[in-house]
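Structure first, then comments.
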Amino acid sequence: MARSIFLIALLLVGVFSLATAAHAQESGMTKTTSKGTLDIRVEPTWSNNSSASFKVSFLNPGTETLHQHQDYDFKILKDGTEVFSAAKETGQVLIHNAEGTIMVPYTFQVQGDYTIQVILAGTGIAPTIPTDEDATFQINVTPEFPVGALGAVGALMATMIVLARYRKLL
């Protein structure tokens, strides 16, 4: 009896630990920078431990064509306070991107509302053309309870009911 309860409790812990992964917006978000120089697309990919990888694309305005050579920073803010800066992570004031796309990993420590700020400081190869503009995106990091976990909980409850009825017959 005690062993059955222990196994059920262990199974419940496993199901609920998988079911409380964080997520936010899954699809790409595109905005034009504040002065209209480029369109910025941010596409998050989420994992089960509140980690995200953000694909950032710098696009020529109104097109799907990548723009090459930008000086930028990718920041994440919580309640107006910077919690992450890609440039600071690399020990720089700004980062130069030659290709037109970047990947930025980040693990969120707290659920809630966040602002992603992509700062576009300049375009081109040195000397760059200063732009001093940005694009901001709002995301909300929340616990996720996937449909598969609901099925697992349902199966667990059905098993518990069968076990309870079996024990009554003995």
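The values are calculated or read from the model by the stated rules, or taken from the named source; none is laboratory data. Only a predicted model underlies this, so the values are computations on that prediction, with no experimental measurement involved. Quick reminder, even Gly has a Cβ in these numbers, built from the backbone with ideal geometry, and neighbours come from all protein chains shown.
Overview of values
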{"item": "Candidate set from region 21-36 (those that are within 17 Å of I102 (Cα to Cα) and at pLDDT below 95); member that is surrounded by the most Cβ atoms within 10 Å (Cβ to Cβ)", "result": "G28"}
{"item": "Test: residue in region 78-99 that is assigned by TED's automatic domain parsing to the domain that holds S50, out of contact with any Asp or Glu (no Cβ under 8 Å at 6 or more places or on another chain) and closer than 17 Å to M29 by Cα", "result": "no"}
{"item": "Subset tally (residues that are of a type outside the set (V, I, T) and in contact (Cβ under 8 Å) with a residue 24 or more places away in the chain) for region 114-131", "result": "6"}
{"item": "1 or more residues of a type in the set (A, V, I, L, M, F, W, C) and in contact with a helix residue (DSSP H, G or I) (Cβ under 6 Å, 6 or more places away or on another chain): qualifying strands (runs of 3 or more DSSP E) within region 54-129", "result": "70-78, 95-97, 101-107"}
{"item": "Restricting region 37-52 to residues that are more than 8 Å from the chain's Cα centre (by Cα), among the hydrophobic types (A, V, I, L, M, F, W, C) and in a strand (DSSP E or B), the residue that is surrounded by the fewest Cβ atoms within 10 Å (Cβ to Cβ)", "result": "V42"}
{"item": "Filter result (free of Cβ contacts under 8 Å to residues at least 40 places away in the same chain and either surrounded by 16 or more Cβ atoms within 10 Å (Cβ to Cβ) or within 19 Å of E133 (Cβ to Cβ) (or both)) within region 93-113", "result": "V93, L94, I95, H96, N97"}
{"item": "Residue within region 109-116 that is charged (D, E, K, R) and closer than 15 Å to I139 by Cα present", "result": "yes"}
{"item": "Neighbours by Cβ (under 8 Å, 6+ apart or cross-chain): first from region 73-85, on the phi > 0 side of the Ramachandran plot; second modelled with pLDDT of 95 or more and exposed (fewer than 15 other Cβ atoms within 10 Å of the Cβ)", "result": "D79/D113"}
